[in-house]
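The values are calculated or read from the model by the stated rules, or taken from the named source; none is laboratory data. These figures come from a predicted structure and were not determined experimentally. Here the Cβ positions follow ideal geometry from the backbone for every residue, glycine too, while neighbour counts run over all protein chains shown.
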Amino acid sequence: MNDLLILALLVVLVIAGSALCSGVEAALLTVNPVRVHELAARSKPVRGARRLEQLRQRLGRTLSVLVIANNGFNIFGSLMLGGYAAIVFKRQGIEGVALPLFSVGLTVLVILLGEILPKALGSRLALPVALASAPALAIVARLMLPLVLLLERLLPAITAENEISTDEEEIRLLARLGSQKGQIEADEAAMIAKVFQLNDLTARDLMTPRVAAPTLDGATSLEKLREDLLANNAEWWVVLGEEVDEVLGVAGRERLLAALLQGEGNRTAASLSEPVDYVPEMIRADRLLTGFRRNSSGVRVVVDEFGGFVGVIGAEAVLAVLAGWWRRPQPAGEGIRP
């Protein structure tokens, strides 16, 4: 075979090997770890997803393998090509001019086709490239394990494991960026931010205070309470006993009015009340929402640390935060200028 053809094939081999290592390295560094975890956690995981997740967990070790292979092509391969090219050009009698041109051309090709272009493609096609290369990369990593273990003893920093983690601020930022890029709706991004606000609010912040809560005397008949029921369109009423802070239950407005229409005006509010659920005033709104998700009927009676009745709260008060309707009450006098 012609020496020049062999030299050209070796150049293609070196550049292809360098390009492959560079592209896979860029894909591994760019691929979304959350997306990889989701693909690997499926009941039928995507091919290569679990292997890719394992490689990303020991990213330092995986990158060490790729860097060794890439520099093997770039440095050792280039040196070998230079030596072989000198022999070939000497046989052809053109070593004086051809060898410098070959060196410059090989350097440009390695930079453009072995580094820049494959890394750009690897970053753009990160997920498919990473998934496709994961099985082969795992085999190479296993073959090079003794060398990598030696490097880990010399450089302990590469032994650290990568764990998927995030925080509220990062999720807010991602939602805001997604909204700006048009990937998610603006109202969806706003609602995501409101979800995290629930952790900062308590039942005391959202409840209807006792002084404003609709209450009924449990011993009074519906006929005597008719005017109050018709004047106030509250959905739920707190039924009180004779003692201070004695809550007998809660009664729905529809049930009370239905009893009046059916001629049961002599019945007391207590007889039509339902058992009450109590919540402490310092319970966080996110936990409160979880409780309403399990049982969305009725309202919750909010009590203080001594068990005293301080207010009522319904699911709509928590949902108003998510919808953006709730506004934190301003302290008395705030915003008033002299």
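Sort through Ala189, Ala193 and tell me the only one that's surrounded by 18 or more Cβ atoms within 10 Å (Cβ to Cβ) and outside the structural domain of Leu260 (by TED's automatic domain parsing). It is Ala189. For the stretch 198-215, a residue qualifies if it is surrounded by 15 or more Cβ atoms within 10 Å (Cβ to Cβ) and assigned to a helix (DSSP H, G or I), and the qualifying residues are Leu198, Ala203, Arg204, Asp205, Leu206. One residue stands out in the stretch 260-303 among those that are of a type in the set (D, E, K, R) and closer than 19 Å to Leu248 by Cβ: the one that is surrounded by the most Cβ atoms within 10 Å (Cβ to Cβ), namely Arg300.
Being aliphatic (A, V, I, L, M), without any contact (Cβ under 8 Å) to a residue 40 or more places away in the chain and in the same structural domain as Leu145 (by TED's automatic domain parsing) holds for only one residue in Leu101, Leu106, and it is Leu101. Given the criteria under 26 Å from Ala315 (Cα atoms) and not in a loop (DSSP other than H, G, I, E, B), does Arg172 qualify? It is true that Arg172 is under 26 Å from Ala315 (Cα atoms) and not in a loop (DSSP other than H, G, I, E, B).
Is there a residue in the stretch 262-273 that is under 30 Å from Leu198 (Cβ atoms), under 43 Å from the mean Cα position of the chain (by Cα) and touching a residue at least 24 places away in the same chain (Cβ under 8 Å)? No, the stretch 262-273 contains no residue that is under 30 Å from Leu198 (Cβ atoms), under 43 Å from the mean Cα position of the chain (by Cα) and touching a residue at least 24 places away in the same chain (Cβ under 8 Å). Annotation note: of Val211, Val195, the sole residue that is of a type in the set (A, V, I, L, M) and either modelled with pLDDT under 80 or within 22 Å of the chain's Cα centre (by Cα) (or both) is Val195.
Only one entry of Ser273, Ser296 meets the criterion of being of a type in the set (Ser, Thr, Tyr) and modelled with pLDDT under 85, and that entry is Ser296.
Screening the stretch 225-234 for residues that are loosely packed, with under 14 Cβ neighbours inside 10 Å and in a loop (DSSP other than H, G, I, E, B) and picking the one that is modelled with the highest pLDDT gives Asn232. Among the residues of the stretch 227-252, those identified as within 18 Å of Ser271 (Cα to Cα) and of a type in the set (D, E, K, R) are Asp228, Glu235, Glu242, Glu243, Glu246. Put simply, of Leu143, Leu222 the only residue that is at pLDDT 80 or above and under 28 Å from Val46 (Cα atoms) is Leu143.
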